[in-house]
Structure formats: structure tokens, C-alpha cells
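Structure record follows, encoded as C-alpha cells.
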Amino acid sequence: MSVPTITVAPDDVEWARLVDRLTRRGFLGGIGALGATALLTACGTSGAGTESSAAQSSRTVTTPLGTYDIPTSPQRVVVIDSRLDLEPALALELPVIAHSYDAPAPWLPEITAEEIASPVNLEQVLRLQPDLIVCVNLDNEMWPAPALLDIAPVVTTEFRMPWKQNMNQLADWLGRTETFDRAMATYDDAAAGLVDRHGETIRQARIGIISRQPAEFRMVHDTTAYLPPQVYTDLGGTLGTIGTLGNADAFGMESLDLLADLDGLLVLSTGAELGSLTTDPLWQRVPAVARGRVQVVEQLIQYGSVYSAIELVAQYDTLLSRLG
């Protein structure tokens, strides 16, 4: 599959082809071909981008979406997911101009970027004139990777792929392995510091990771999909057994006795708050809770990349300090 590299200011031929593809496939909704042409013309089709286009070099990559060219030095990058897409894009020093789902976590570097609609509005992305898009490899209204490929080249991430592998794959496609190595060195330094302080505790402690949902709890022990258990096992820890539950199984308040054998708990909760749970007698009877060995973190950290991994090292540092 061959996809043209869309430059910052495409020429009239490129715009015409783009209008044709998007309107034929229905991606511009009800605005029609004439409306689409007007939209794209408003974005700018003059010869102002000729010099930029000529100077832009590209590299050929093969992603899950096919084989095509991407710019070696992108100037206008749109990312879709603020966890799996935005984090590695920032760490790899891509010039991000916009992101979609959802607000960036507070531990990410501060950026000036437009927040676009979620589910993704393809017309809005088109107006931004990206020359590269980073999107989770899905085909739905939240993460429409194949449709975005008709706007600009797309490099993908995966929900069910460990964060290091996701970021390394992006770095390989983008030719930014040295930047990847620098980011990884920062994480490795933080991880090594924790192991120096709590090595014995982390090797012996039985830690459980759960997510607080509106009407239940959910296990967060899947090391393929979820970031917290990936980081904990990377630090040398072993996840504690929670009854017969595994990976992402759910359980209710009536089953809190399943947590009895755990030395400590990392709890993912919206706003890093437990609310009424803090005074609930069933919750208070959980041994780790009664001993003050619980660390509550923002729910957003269930997915992420290097910045969230470093934040998790700090959160585990606090939790393990309570066990030592």
C-alpha cells in the first residue's frame, strides 16, 4: 500500500487527491465534495509550501497499516491517545501540535497543543494539516487509524504491548533510537535508585494492584496490557495472588477478603481519591489498609509510557517505604 507523505502545505494536486479519497470513503460526513474542496482550500493550497516540500526527506516504514513513507523530520504531529501516543511522542521529541483522548496526565511535560475532539473528528484533524499522526492501532471512532492514514502518514502504538516495546518500535520507525536511549536512561536511573533503597522489600513483598470502578474493583495484573504491573515486575517485584482472580478480573466489596494475604496495595482511582471508601468498615478491615500500606494513584496511569513509568517508580517508592 502506497500512501503519499502529506507536507505542511500540500500543493493543489495533493489536495485534490486527498479530497477525492476522503469524500469517496465518506470520511468528511455530509459536507460533500464541494464543501470538502472549500475546507481544504481554506487550509491553504498556494505555492508557499513548495520550498518546505522539496526540503522534506522521508523514510519508508512498514507498520500494521502497510508500507509507506513518513517524514524524517516531521513538523506538525497530531497524536490521538494522550497516554499511549502522546507520551512516547514527547519523549522522542516530536513537535506535537494537537492531541485527542484525553487530558494529559499532570506528570507529563507541559506542552502547548490543541486538544481535539474525542471521538476523533476527521475534519478537525484535516484542518490541522499534520505531516505525521501517531495513533493506537485500532479502527473505531476513538482511534481511527486506517481513516487517519488518508490524511497523513500514521505510525501506530498498541494497547496490548509492553510500553518499552511500543516506544522502541516508534523510535525505530522514526529513526530516533538515540533519543529513545536517553529517555530510557532516565527511567533506568529512577528504577535503580528504588532498587537500591528497597531491593529486599520488593523481592519479598506481596503487592496487589487494583482499579476502583464505580460499582466494583478490577484486577490490574496483566503485564501485557497494563503499565503498573509492567513497571513493578521490571523493578524485580512479584505480584501477589488475589484468590483465584487474575489479570483484569472484577470483584465486589463482598470479596475484599481476597486481599487479606497482601502486604501492600496500589489502588488506581479517579483523581487519586478513595472518597467514601476511606470510611467503609469492609475496606478498613483489609489488613494492608489497616496497616496504612496503600498507595492511591490516578486512574490514568493504567496506560502510558516512559513518563508514567517514572511516576510509577515514585509511587512504588512511597508504598515500599511503608512496608520497610
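The values are calculated or read from the model by the stated rules, or taken from the named source; none is laboratory data. All of these numbers come straight from a predicted model, not from anything done at the bench. Positions of Cβ are backbone-derived with ideal geometry, glycine not excepted, and every protein chain shown enters the neighbour counts.
Suppose we filter Ile210, Ile202 for residues that are among the hydrophobic types (A, V, I, L, M, F, W, C), touching a residue at least 24 places away in the same chain (Cβ under 8 Å) and in a strand (DSSP E or B); which single one remains? Going through Ile210, Ile202 in turn, just one is among the hydrophobic types (A, V, I, L, M, F, W, C), touching a residue at least 24 places away in the same chain (Cβ under 8 Å) and in a strand (DSSP E or B): Ile210. When you look at Tyr68, is it of a type in the set (Phe, Trp, Tyr) and under 17 Å from Glu158 (Cα atoms), yes or no? The answer is no for Tyr68.
Each residue in region 86-101 was checked for being surrounded by fewer than 24 Cβ atoms within 10 Å (Cβ to Cβ) and free of Cβ contacts under 8 Å to residues at least 40 places away in the same chain, and 4 pass. For region 233-258, which positions are in a loop (DSSP other than H, G, I, E, B), surrounded by 14 or more Cβ atoms within 10 Å (Cβ to Cβ) and in contact with a helix residue (DSSP H, G or I) (Cβ under 8 Å, 6 or more places away or on another chain)? Listed by number, the residues that qualify are Leu235, Gly237, Gly243.
Residues in region 268-289 that are within 23 Å of Pro228 (Cβ to Cβ) and part of a helix (DSSP H, G or I): Thr270, Gly271, Ala272, Gly275, Leu277, Thr278, Trp283, Pro287, Ala288, Val289. Scan region 157-166 and give yes if some residue there is surrounded by fewer than 22 Cβ atoms within 10 Å (Cβ to Cβ), hydroxyl-bearing (Ser, Thr, Tyr) and touching a helix residue (DSSP H, G or I) at 6+ places or on another chain (Cβ under 6 Å), otherwise no. For region 157-166, residues surrounded by fewer than 22 Cβ atoms within 10 Å (Cβ to Cβ), hydroxyl-bearing (Ser, Thr, Tyr) and touching a helix residue (DSSP H, G or I) at 6+ places or on another chain (Cβ under 6 Å): absent. Scanning region 221-232 for any residue that is part of a helix (DSSP H, G or I) and of a type in the set (D, E, K, R) turns up nothing. Against the definition (crowded, with 19+ Cβ neighbours inside 10 Å, modelled with pLDDT of 95 or more and touching a His at 6+ places or on another chain (Cβ under 7 Å)), how does Leu266 come out, yes or no? When the stated conditions are applied, Leu266 does not pass them.
When region 277-324 is filtered for residues that are hydroxyl-bearing (Ser, Thr, Tyr), surrounded by fewer than 19 Cβ atoms within 10 Å (Cβ to Cβ) and closer than 25 Å to Arg203 by Cβ, the ones remaining, listed by number, are Thr318, Ser321.
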